[in-house]
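The values are calculated or read from the model by the stated rules, or taken from the named source; none is laboratory data. Fair warning: this is a prediction, and the values are worked out from it, not measured in the lab. Cβ placement follows ideal geometry from the backbone for every residue including glycine, while neighbour counts extend to all protein chains displayed. Protein only, heavy atoms only, side chains kept; ligands, DNA and RNA dropped before computing areas. Shrake-Rupley method; radii C 1.70, N 1.55, O 1.52, S 1.80 Å.
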Amino acid sequence: MSAANRSKPAVILLAEDDPGDQKLARRALEKGRIRNDLRVVGDGEEALDYLLHRGAYAAPGAAPRPDLLLLDLNMPKLDGRQVLEAIRGRPELARMRVVVLTTSGQEADVERCYGLGAHSYVQKPLALPDFMRVLQALGEYWLEIVVLPPEGEE
């Protein structure tokens with residue numbers, strides 16, 4: 001189902017430790033055409049807490065299942081590779097759409113992330129207008145254009 005058929009905003013979870021990139025992502029998604037509910041976590045451990053409804057995210061409704069996870073690789077506590085590996089090992093999260101959004105252009109990172117089940121790997125553009133354009137395009141593609149099988153219930 002695409003977002004065009006959706007009555008509520010798409011939930012996007014951004015796992016990003018850099019406050020500047022968090023702010024830019026929020027601005028890009030606000031300026032985009034897609035209605036979204038952006039949730040932000042600052043490290044890999046918090047990302048797993050959110051996804052597994054632990055700690056601060058244990059209360060019902062505190063952590064709605066994301067329609068899209070934008071995952072940075074180089075975060076504190078647990079890095080994006082560890083987060084990706086952990087969620088792919090959980091049946092209830094295994095089909096979650098994950099886009100790795102990182103500064104790393106290393107071939108080993110690209111290969112490992114796809115091997116761990118990432119749907120896309122995008123190197124963050126350095127120029128602000130390019131970064132905003134990429135985030136808007138990602139949201140549009142994953143939440144409006146592509147047709148995917150329905151996610152399993154929580």
Where the second residue is loosely packed, with under 12 Cβ neighbours inside 10 Å and the first is touching a residue at least 60 places away in the same chain (Cβ under 8 Å) and lies in region 85-110, which pairs have Cβ atoms under 8 Å and are six or more apart or on separate chains? 92/154
Sole residue being within 22 Å of residue 139 (Cα to Cα) and either in a helix (DSSP H, G or I) or touching a His at 6+ places or on another chain (Cβ under 6 Å) (or both), chosen from 26, 39: 26
Being over 14 Å from residue 12 (Cβ atoms), of a type outside the set (Asp, Glu) and at pLDDT below 80 narrows 116, 148, 93, 143 down to just 148
Checked against (1) closer than 15 Å to residue 15 by Cβ; (2) not in a helix (DSSP H, G or I), residue 50 satisfies every condition except (2)
Can you tell me which residues in region 66-114 are farther than 16 Å from residue 40 by Cβ, of a type in the set (D, E, K, R) and open to solvent by 30 Å² or more (accessible area, probe 1.4 Å)? 79, 85, 88, 90, 92, 95, 107, 111, 112
Among the candidates 81, 65, 33, residue that is in a loop (DSSP other than H, G, I, E, B), of a type in the set (D, E, K, R) and farther than 15 Å from residue 135 by Cα: 65
In this structure, is residue 63 touching a His at 6+ places or on another chain (Cβ under 6 Å) and either more than 20 Å from residue 122 (Cα to Cα) or not β-branched (Val, Ile, Thr) (or both)? yes
The listed residue being surrounded by 18 or more Cβ atoms within 10 Å (Cβ to Cβ) and in contact with an Asp or Glu (Cβ under 8 Å, 6 or more places away or on another chain), out of 55, 32: 32
